[in-house]
Structure formats: C-alpha cells, structure tokens
1. By the scheme Lys and Arg +1, Asp and Glu -1, what is the net charge of all other residues having a beta-carbon under 14 Å from that of H188?
2. Over region 1-79, what is the mean sequence separation of C-alpha contacts under 8 Å (at least six apart), divided by residue count, expressed as relative contact order in percent?
3. So for region 122-184, Kirkwood radius off the Cα pairs, Stokes-Einstein at 20 °C and 1.002 mPa s: how many µm² s⁻¹?
4. So what is the relative contact order for the chain, in percent, with contacts set as C-alpha pairs under 8 Å and at least six apart?
5. Within 10 Å, count the other beta carbons around each residue, average over each peptide in 176-182, 7-13, 38-44, and list them highest first.
6. Please give the solvent-accessible surface of D90 in Å², to the nearest 10, using a probe radius of 1.4 Å with every protein chain present.
7. Please tell me the relative contact order of region 198-240 in percent, rounded to the nearest whole number, where contacts are Cα pairs under 8 Å and at least six residues apart.
8. Nearest-5 percent of antiparallel DSSP beta bridges in region 150-273?
Amino acid sequence: MVAQPAPCRCAVVTGANRGLGLALARGLAESGAHVVVTAREGGRASSAVAAALRADGLSAEAYVPPLDVGDLRSVRAFGEFCAAAAVAPDALVNNAAVCEEGWSDAVVRRALRTNALGPFWLARALLPGMRRHGGGRILSVSSGDGELAYLHSALQDDLRAARTAPQLLRVLGRARPPRQRYGAAPAHGPTPAYALSKAALNAGSRILAAEEAGVWVGAVCPGDVRTRMCVDPEARARAVPADAAVPSVLWLLERAAGLPSGRFWRDREEISF
Ligand code: NAP
C-alpha cells in the first residue's frame with residue numbers, strides 16, 4: 001500500500017546549477033522543502049539559484065563552497081558544514097553526473113567517482129544526521145543505461161552477487177582499466193563508462209538500503225530529458241523539458257515511507273536492475 005505523501009523537510013540537491021538538478025531544486029522548494037543548493041563550482045553557481053528561489057518566496061540556501069561530488073575531501077567538507085551549521089537534511093538527491101564517450105582510464109575514473117562513489121560518500125556524510133532525526137530519504141538519479149542487461153554477462157553476475165560495499169568496489173576494480181576482466185568496453189553503446197557507473201550506482205543503492213533499515217534508499221531513471229547531457233538526436237527528439245521530469249521524481253521522494261527501499265524506478269513504477 002502506498003503511504004500518504006509526506007513532503008521533504010530539508011533537501012540537498014547536487015548539481016543544482018543547471019539541467020535536471022536545477023528543476024528538481026525548484027520542484028522540491030515548491031513542494032515545501034527547504035532546499036540546500038549545491039554545485040560543483042559553488043560560489044555564484046549555487047548562490048544565484050538559491051537567490052532566485054528565495055525571490056519567488058521559496059525556502060532555499062546556497063552551499064557556497066564548491067561541492068565536487070567526485071572529490072572525497074569536498075564531500076567531507078560539506079558533511080562537516082551540515083553538522084556545524086545544524087543543517088539536518090531529511091532528503092538527499094544525488095543528481096550530479098558526467099556522461100562521456102570512450103573507455104580510457106581517465107573517462108572511467110571520472111564516471112565512477114562522480115556517478116557512483118560520490119553519491120555514496122555523500123550518503124555516508126549525511127546519514128548520521130538523518131539517523132539522529134529519525135530517518136531520511138536518499139534518491140540517486142540513475143539511468144536506463146545502467147540496467148544490467150546492457151553489461152557483459154559476467155559483469156552482470158558479479159554486480160548482482162555484490163552484497164557489501166567492499167565487494168562492489170572489487171568488482172569495479174576488476175572492470176576498469178588496466179584489468180578489464182570483462183573486456184575493453186564491458187557495456188553496449190558509445191558511453192560504456194557511464195553505463196558501468198550507473199549500474200554501480202544502482203547496486204550501491206541496493207547495498208546501502210540493506211545496511212540502513214531506517215533510511216529509504218532508491219535509484220530513479222528520469223527518462224530522456226532535454227539537457228546538455230542528452231545529445232543523442234533520437235533521445236533528444238523524444239526528450240521532455242527538465243520541469244516535466246520532476247513530478248515522477250518528487251512522487252518517489254514523497255511516498256518513500258510506503259515504498260520498498262533499495263529499488264530502481266522509472267515513471268512511478270519499479271523496474272528491474
Ligand atoms: P547535465 O545538464 O549535464 O547536468 C549535470 C549536472 O551535474 C551539472 O549541474 C554539472 O555541474 C553536475 N556535475 C557534473 N560533475 C559534477 C561533479 N563532479 N560534482 C558536482 N556536480 C557535478 O545533465 P542532466 O541531464 O541534468 O543530468 C542530471 C541527472 O539525470 C544525471 O544523474 C544524469 O545521469 C541523469 N539522466 C539524465 C538523462 C537525460 O536524458 N538528460 C537521462 C537519464 C539520466 P557543472 O555545471 O559544474 O558541469
């Protein structure tokens with residue numbers, strides 16, 4: 001049974017300076033949440049968004065230092081800021097991501113750090129505050145490209161079998177250059193590093209959900225959204241504006257209490273990993 005919607009009280013959004021993150025920050029604020037706007041560049045990038053929300057009568061603050069989710073020190077500094085400033089988010093939206101073509105060491109490293117490891121560093125930084133306040137919701141914006149079906153079959157099996165974060169990290173270590181146990185590009189399509197990183201994000205959500213009974217964890221594919229990331233002409237032709245992708249993401253966050261944790265969603269429906 002789906003519980004009554006419960007708006008978020010205080011939500012952190014990563015990559016909130018543009019694209020879907022910007023639209024999600026506004027959607028969350030319009031639903032009544034106080035939004036902590038973060039951006040890789042920090043400074044004016046986050047301040048301008050928070051100021052625009054406040055100018056519309058919404059509740060928002062900027063985290064002014066850069067929050068580069070692929071940089072552990074940057075993530076830890078944000079966690080320390082929240083603790084020191086008594087900012088107690090009950091919702092974390094891991095939205096920031098990169099999507100690059102190719103399978104070089106640098107491309108794979110950026111994809112894994114930004115799209116898969118960063119969201120979990122951030123979750124771990126905010127979990128103590130969520131636990132102290134009786135729970136929370138961690139939603140990671142994933143992608144259909146991360147569905148296991150797109151990956152080398154042995155990699156699918158190993159990701160499915162990973163039950164702990166160290167096991168997942170070992171699988172990722174074997175997948176990436178120079179070991180490449182699953183081949184030189186273990187996923188279909190022009191952006192295999194992105195597909196691997198989103199599959200890892202989904203597996204990590206499942207693992208985190210099993211570890212953290214008091215916090216709801218989920219991954220969501222927003223569908224094709226007309227942002228800078230959506231460059232494939234076919235996808236762009238069917239893509240929706242960022243505002244239109246917001247309601248199904250908010251639906252999940254607001255009904256989290258009545259939905260199973262550790263799952264993957266699209267259009268308000270659970271989909272398979
Ligand atoms: P986008 O317009 O390219 O925006 C990406 C955002 O992530 C930007 O704010 C960017 O900041 C930020 N970012 C990148 N690296 C970062 C880092 N290391 N630290 C902090 N922020 C970082 O893409 P989008 O379409 O809005 O993507 C939002 C989410 O939706 C992503 O998770 C993406 O994978 C997912 N998604 C999108 C589509 C689609 O069709 N667009 C489809 C499926 C899933 P800068 O401005 O500093 O670069």
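1. Values: positive: K198; negative: E101, D145, E147, D232.
Result for the local shell: -3.
2. On the way: 143 pairs, mean separation 20.5, N = 79.
That works out to 26 percent.
3. Value of D from the Cα-based Kirkwood radius: 154 µm²/s.
4. Working: 559 pairs, mean separation 56.4, N = 273.
It rounds to 21 percent for the chain.
5. Numbers: 176-182: 14.0, 7-13: 23.6, 38-44: 19.9.
Those peptides, ordered most packed to least, come out 7-13, 38-44, 176-182.
6. Answer for D90: close to 20 Å² accessible.
7. Details: 26 pairs, mean separation 11.9, N = 43.
That works out to 28 percent.
8. Numbers: 4 of 9 bridges.
Taking every DSSP beta bridge with both residues in region 150-273, the antiparallel ones total about 45 percent.
The values are calculated or read from the model by the stated rules, or taken from the named source; none is laboratory data. Please read these numbers as outputs of a predicted model, since none were measured by experiment. Positions of Cβ are generated from backbone atoms using ideal geometry, with glycine treated the same way; all protein chains shown enter the neighbour counts. The accessibility values were calculated without ligands, DNA or RNA, using every heavy atom of the protein model including side chains. Shrake-Rupley method; radii C 1.70, N 1.55, O 1.52, S 1.80 Å.
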